[in-house]
Amino acid sequence: PVWAIGTGKVATPDQAQEVHAAIRKYLETTVSAKVAEQTRITYGGSVNAGNCKVLAQQPDVDGFLVGGASLKLEFIDIINANN
């Protein structure tokens, strides 16, 4: 997607949720409901201190794959996004 890690572009929370929900639905229909429920689906777009909380609130976003922000002090905010 255009918001892949390193692009600096960020999906809207609705876009991220839509894609994550589709992945979860795919797992449910092709593997099993149990696998879909237990699989952690991480957001791999450009995440930062300014967008991590709203992205973390999406029901199918289970975490983040963090790029350059992991080298900055704001990484602490990303780690604590669910707090």
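The values are calculated or read from the model by the stated rules, or taken from the named source; none is laboratory data. Computed from a predicted model, the values in this text were never measured in an experiment. Note that we place each Cβ from the backbone using ideal geometry, even for glycine, and neighbour counts take in every protein chain shown. For accessibility, only protein heavy atoms count, side chains too; no ligands or nucleic acids. Shrake-Rupley method; radii C 1.70, N 1.55, O 1.52, S 1.80 Å.
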Contour excess over end-to-end distance, with Cα ends at residue 18 and residue 74 and 0.36 nm allotted per residue: 17.5 nm
Per residue accessible area in Å² of the chain, where ligands, DNA and RNA are left out and the probe is 1.4 Å: 63
Trypsin sites (Lys or Arg not before Pro), loop per DSSP, at most 14 other Cβ atoms within 10 Å - longest free stretch of the chain: 41-71
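As a check on your grasp of the helix formula, calculate [θ] at 222 nm for the chain: sum -39500 (n - 2.57) over DSSP H runs of n ≥ 4, divide by the residue count, round to the nearest 500. Each step should come with its number before you reach the end.
Working: 4 runs with 34 residues, N = 83.
Counting only the DSSP helices, I get -11500 deg cm²/dmol.
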Rounded FRET efficiency, nearest 0.05, which uses the C-beta distance separating residue 65 from residue 28 and R0 of 30 Å: 0.85
Projected area averaged over orientations for the chain, convex hull of C-alpha atoms, nm²: 5.3
Relative contact order (percent, whole number), the chain, Cα cutoff 8 Å, 6+ residue spacing: 33
Total lysine pairs under 19 Å (Cα atoms) in the chain, excluding pairs fewer than 8 apart on one chain: 4
Net +/- balance of residues flanking residue 47 in space, Cβ distance below 12 Å, scoring K and R +1, D and E -1: +1
